1. Condition first: basic (K, R) and touching a residue at least 40 places away in the same chain (Cβ under 8 Å). Now tell me which residues in the range 25-62 satisfy that.
2. Considering only the range 43-61, how many residues are modelled with pLDDT under 90, surrounded by 12 or more Cβ atoms within 10 Å (Cβ to Cβ) and assigned to a helix (DSSP H, G or I)?
3. Looking only at residues that are of a type in the set (A, V, I, L, M) and closer than 13 Å to S9 by Cα in the range 31-42, which one is surrounded by the fewest Cβ atoms within 10 Å (Cβ to Cβ)?
4. Select from the range 8-47 the residues that are within 18 Å of R68 (Cβ to Cβ) and either of a type in the set (V, I, T) or in contact with a Cys (Cβ under 7 Å, 6 or more places away or on another chain) (or both) and list them in ascending order.
5. Looking only at the range 7-28, which residues are more than 12 Å from the chain's Cα centre (by Cα) and of a type outside the set (G, A, S)?
6. Would you check which residues across the range 20-36 are modelled with pLDDT of 90 or more and within 17 Å of G80 (Cα to Cα) and list them?
7. Against the definition (buried (at least 17 other Cβ atoms within 10 Å of the Cβ), on the phi < 0 side of the Ramachandran plot, out of contact with any Pro (no Cβ under 8 Å at 6 or more places or on another chain) and not in a helix (DSSP H, G or I)), how does L64 come out, yes or no?
8. When you scan the range 32-42, how many residues do you find that are more than 11 Å from the chain's Cα centre (by Cα) and either among the aliphatic types (A, V, I, L, M) or in a helix (DSSP H, G or I) (or both)?
Amino acid sequence: MVVINVITSTLLVPGYIDTEEMVRIAEFKANLNPDIPYALLGFNPNFFMDDLPYTSSRHASEALEAARIATAVLRNIRLGNVQLFSNAYWPKT
């Protein structure tokens with residue numbers, strides 16, 4: 001048995017990562033190995049990208065649902081650093 005010491009994540013940057021993008025990323029990951037842990041991370045608008053908002057709770061929930069529905073095989077997917085999520089904006093659905 002081969003043990004893979006890999007964890008993957010996607011930073012949910014508002015305006016850059018939408019549900020369509022999440023579907024493509026999830027499908028790619030599922031084809032590699034559906035057991036690799038996967039975290040969807042909230043965006044913190046500091047440093048060079050301070051003109052963007054924090055990731056909204058709705059954006060994160062929709063991204064998580066899109067990834068789950070797209071593949072139905074990703075076994076270890078979760079939302080990370082949820083303390084950064086806000087309700088400051090509502091992305092287009």
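1. Start the filter on the range 25-62 by keeping residues that are basic (K, R), which leaves 29, 58.
Passing the criteria: only K29.
2. Number of matching residues: 1.
3. Looking only at the range 31-42, we keep the residues that are of a type in the set (A, V, I, L, M), and these are 32, 36, 39-41.
Next, from what is left, pick out any that are closer than 13 Å to S9 by Cα: 36, 39-41.
Details: I36: 17, A39: 15, L40: 26, L41: 17.
Step by step, filter the range 31-42, then rank; the result is A39.
4. If the condition is that a residue be within 18 Å of R68 (Cβ to Cβ) and either of a type in the set (V, I, T) or in contact with a Cys (Cβ under 7 Å, 6 or more places away or on another chain) (or both), then T8, T10, I17, T19, V23, I25, I36 are the ones that fit.
5. Taking the range 7-28 and keeping what is more than 12 Å from the chain's Cα centre (by Cα), we get 7, 15, 27-28.
Result: I7, E27, F28.
6. Passing the criteria: M22, I25, A26.
7. On the way: buried (at least 17 other Cβ atoms within 10 Å of the Cβ): yes; on the phi < 0 side of the Ramachandran plot: yes; out of contact with any Pro (no Cβ under 8 Å at 6 or more places or on another chain): yes; not in a helix (DSSP H, G or I): no.
Considered against the rule, which asks whether it is buried (at least 17 other Cβ atoms within 10 Å of the Cβ), on the phi < 0 side of the Ramachandran plot, out of contact with any Pro (no Cβ under 8 Å at 6 or more places or on another chain) and not in a helix (DSSP H, G or I), L64 comes out as no.
8. Restricting attention to the range 32-42, the residues satisfying the condition of being more than 11 Å from the chain's Cα centre (by Cα) are 32-37.
Next, only the ones that are either among the aliphatic types (A, V, I, L, M) or in a helix (DSSP H, G or I) (or both) stay: 32, 36.
Residues in the range 32-42 being more than 11 Å from the chain's Cα centre (by Cα) and either among the aliphatic types (A, V, I, L, M) or in a helix (DSSP H, G or I) (or both): 2 in total.
The values are calculated or read from the model by the stated rules, or taken from the named source; none is laboratory data. This is a predicted model, so every value here is computed, not measured. Positions of Cβ are generated from backbone atoms using ideal geometry, with glycine treated the same way; all protein chains shown enter the neighbour counts.
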